[in-house]
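J.: Before I ask anything, here is the structure I am working with.
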Amino acid sequence: MTGEDHLEDGLRDVPTRWPVTSSAYALRTHRVIDVRQDDVVAGDQRFTRDVVVHPGAVGIIALDDAERVLLVRQYRHPVGHLLYEPPAGLLDIEGEDYLTAGQRELYEEGHVRARDWRVLVDAFTSPGMTTESLRIYLARGLEEVPPAERYNGIHEEADMPVAWAPLADVVDGILRGDLHNPTLVMGALAAWTARQGSGYDALRPADSPWPAREAIPYGLLV
């Protein structure tokens, strides 16, 4: 560190777009992802980047009155693991706002509804390769959905048991390297930080804007 070190734009990420001379789809799955190939210009440098185009997602750290985290256990085929995860899902319903998507996912996967919602974290999950953006909510004031009203999942969600674990134990499990789901890692550590700091009520309102996501190009660039 020197006296010349400084933050030119303040401590924030800034939307920026380098010129692109060509942009085309290398793969279209018509399911969750497409793969876009962009030819990028940076001064006298030219290079190609493959971009996984993803609709984005929401996740929910749901805490009960005893500060236990609601977890689901889901098979994840690409990594070959059963993972403990918070309820989460894609932003793949046209016109659905982020909060509504979070409420829907908590109902469908966690079988609960929540009265109090706050924004915990906004993140780009892997900005070197994908457009995926993730908003993680904190949900409190939980109410169980009656069995007759519960959603029945399909595929990986067809047999997805629900468990509860103290927030402190989840944080310990993350730091031990026993828990790996990124939504759980980011969300639980953020919730713990809020708990130890200014408190949950100081978090951003649930309907806070998400300008970083709005700046992402999801289609071809040229």
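J.: Excluding residue 47 itself, calculate the net charge of residues whose Cβ lies under 10 Å from the Cβ of residue 47, where each Lys or Arg counts +1 and each Asp or Glu counts -1.
T.: Here the count lands on 0.
J.: Write down, largest first, the equivalent ellipsoid semi-axes of segment 84-186 in whole Å, where each equals the square root of 5 times an eigenvalue of the alpha-carbon gyration tensor.
T.: 21, 19, 15
J.: I've got another one for you. Give the order of 136, 216 when sorted by the count of other beta carbons within 10 angstrom, beginning with the fewest.
T.: On the way: 136 25, 216 15.
In increasing order of surrounding Cβ atoms, one gets 216, 136.
J.: Follow-up. For each of 58, 79, count neighbouring Cβ atoms within 10 Å of the residue's Cβ, then give the residues from fewest to most.
T.: Arranged by neighbour count, lowest to highest, 58, 79 become 79, 58.
J.: Here is a follow-up. Roughly how tilted is helix 182-196, in degrees to the nearest 10 and between 0 and 90, from the longest Cα axis of the chain?
T.: Approximately 70 degrees, to the nearest 10.
J.: Of the options 142, 199, 210, report the single residue whose Cα projects farthest towards the positive end of the charge dipole of segment 57-211 (beta-carbon charges: Lys, Arg +1; Asp, Glu -1).
T.: My answer, from the dipole projection, is 199.
J.: Points 7 angstrom from Cα along the Cβ direction at residue 29 and residue 222: gap in nanometres?
T.: 2.8
J.: Which whole-angstrom value gives the distance between the alpha carbon centres of segment 30-45 and segment 76-145?
T.: Answer, in whole Å: 27.
J.: Quick check on the exposure proxy: order 160, 186 from fewest to most C-beta atoms within 10 angstrom.
T.: So the ranking, lowest neighbour count to highest, is 160, 186.
J.: In terms of the ratio Rg/(2.2 N^0.38 Å) built on C-alpha atoms, what value belongs to the chain? It would help to have the intermediate numbers written out before the result.
T.: Working: Rg = 19.3 Å, N = 222, 2.2 N^0.38 = 17.1 Å.
The value comes to 1.13.
J.: Could you work out how far helix 167-176 tilts from the main Cα principal axis of the chain, as a 0 to 90 degree angle to the nearest 10?
T.: 50
A short reminder: the numbers here are calculations on the coordinates, not readings from a lab. What you are looking at is a predicted structure, and each value in this text was computed from that prediction instead of being measured. Heads up, the Cβs are rebuilt from the backbone with ideal geometry, glycines too, and the neighbour counts pull from every protein chain shown.
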